[in-house]
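To keep things clear, I will list the structure first and then write my remarks on it.
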Amino acid sequence: MRQHVEQAAFLWAQRDNWGQEDPPDETVIGEIGQRVEVNLDGLRIAGAAAWPAAERQLDDFPDKGEFFVVGWMAIEQGDATRIDQTVAAAKELDERRGLVGALAWHQPPKIGHLVRDWLVAPDAFKRYLAVGACLGHGVDPRQLLARLVKDPDTSTRAFALRLAGRLKRADLAREMAKALESDHDIVRLWAGWALTQLGSGDLARVELRKAAVAGGPHALIALRAAITAGPEKDVHAWMGGLMQSVATAPLAVRGIGMLGDRSILPWLIERMKEPHVAVAACAAFLELFPEAREETKLFTIDPTELGKEFAKHFEEDVVRVALQDRVEEWRDPNRAT
């Protein structure tokens, strides 16, 4: 049971990390998900007898993977007391991803009663979890969402705006536009993203570009939304401007890869030779040519293989870059038309 707990926690956290890679490898994520499910099956069979192992693991390592396992088990066994205890512990540490993941792993009928209660709970943390569950399953909370996109809690409001965009709730477009005036970056970002999902990205273009250039964990989301917002000619001009600065050139290279034009591969190969944009060029290449993932010889996580200039730039950083000579060789028989 201890091994099932440890493996489920480790594998789910690994799967979650892979989901945040740029770009994510859906094949690997799917394979890890199958291994997670095998270990959860062991915990299903063990039932309540698995709790001591799960609680010890959470006490020793209160991280997202462990919260995923304990949250999943509490919901699986329908143990209201343990659900409340797990939520309280996660709230104290502000650890959200694991519990949102646990809610997403279960089927909607299993968590429906919790989500309905939490959507209107006085506790903002529970409201956030409930919105996350709706987001994970693509479920529309209908009239409640109109209130949640104005939620006084910043994180819940941002999550609700993201959900509204995913569901393409055009009836909430006015609230999305109002949210662009929020004092909180995360709210403005997801309001702008949501508007792009409705085809109204022009209203959020300035905010999305600002968020992309500012960097941070959501910079690539903002970048993709800014590109979607268009217009194409204007986006190309913006990218050209970003290329003029060493600080923003990586963003431009990554964004150019989001445009879907495979004919730019020769240009990308040239960028792979430049340390300051090499990581972005590799990510852009993988987005444009996902089939290249199978060719592991094209990549390295040791930039020093590419010479002194790369070694100096990255020092001891472990990053994935493409080996441009090998990509050039790969390109000849796989040349885009």
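The values are calculated or read from the model by the stated rules, or taken from the named source; none is laboratory data. As the structure is a computational prediction, the values presented were derived from the model and not from experiment. In this analysis, Cβ positions are derived from the backbone assuming ideal geometry, glycine residues included, and neighbour counts consider all displayed protein chains. Please note that ligands, DNA and RNA were not included when accessible areas were found on the heavy atoms of the full protein model with its side chains. Shrake-Rupley method; radii C 1.70, N 1.55, O 1.52, S 1.80 Å.
So the values come out like this:
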{"read-out": "Gaussian network model of the chain, Cα within-10 Å springs - most flexible of E294, E309, E181", "value": "E294"}
{"read-out": "Gain on full stretching of the segment that runs from R147 to K308 - 0.36 nm per residue minus C-alpha separation", "value": "52.4 nm"}
{"read-out": "Percent of Cα pairs exceeding the 16 Å cut-off, where the set is region 146-190", "value": "19 percent"}
{"read-out": "At q = 0.09, 0.15 Å⁻¹, base-10 log of I(q)/I(0) for the chain (Debye sum, equal scatterers on each alpha carbon)", "value": "-0.58, -1.25"}
{"read-out": "M1-E316 pseudo-label distance in nm [points 7 Å out on the Cα-to-Cβ vector]", "value": "4.1 nm"}
{"read-out": "In Hz, Karplus ³J(HN,Hα) per residue of region 251-258 (6.51, -1.76, 1.60; θ = phi - 60°; x = Gly, Pro)", "value": "5, 5, 4, 5, x, 4, x, 7"}
{"read-out": "Computed Rg/Rh of region 16-123, alpha carbon atoms with Kirkwood Rh", "value": "0.97"}
{"read-out": "FRET efficiency estimate (nearest 0.05) - Cβ-Cβ, R35 to D140, R0 25 angstrom", "value": "0.20"}
{"read-out": "Residue of P217, P24, P141 that the Gaussian network model of the chain assigns the largest fluctuation, springs spanning Cα pairs under 10 Å", "value": "P217"}
{"read-out": "Helix-only mean residue ellipticity at 222 nm for the chain, each DSSP H run of n ≥ 4 adding -39500 (n - 2.57), per residue, nearest 500", "value": "-20500 deg cm²/dmol"}
{"read-out": "Residues D202 and K110, FRET efficiency given R0 of 41 Å [Cβ-Cβ distance, rounded to 0.05]", "value": "0.50"}
{"read-out": "Inter-centroid distance (Cα atoms) of region 154-191 relative to region 86-140, Å", "value": "19 Å"}
{"read-out": "Dimensions (Å) - region 1-79, Cα atoms, principal axes, largest first", "value": "39, 23, 21"}
{"read-out": "Shape parameters for region 114-190, alpha-carbon atoms, Rg then Dmax in Å", "value": "11.1, 32"}
{"read-out": "Translational diffusion of region 57-118, µm² s⁻¹ [Kirkwood Rh, Cα pairs; Stokes-Einstein; 10 °C; 1.306 mPa s]", "value": "139 µm²/s"}
{"read-out": "Per residue accessible area of the chain, 1.4 Å probe, in Å²", "value": "50 Å²"}
{"read-out": "Two-site label geometry, Q77 and V246: point separation in nm, points 7 Å out along Cα→Cβ", "value": "5.7 nm"}
{"read-out": "Cβ-derived FRET efficiency at R0 35 Å, E328 paired with T27, nearest 0.05", "value": "0.90"}
{"read-out": "Rounded accessible area of R96 (nearest 10 Å², 1.4 Å probe)", "value": "50 Å²"}
{"read-out": "D234 versus L93: modelled label distance in nm, points set 7 Å from Cα along the beta carbon direction", "value": "4.5 nm"}
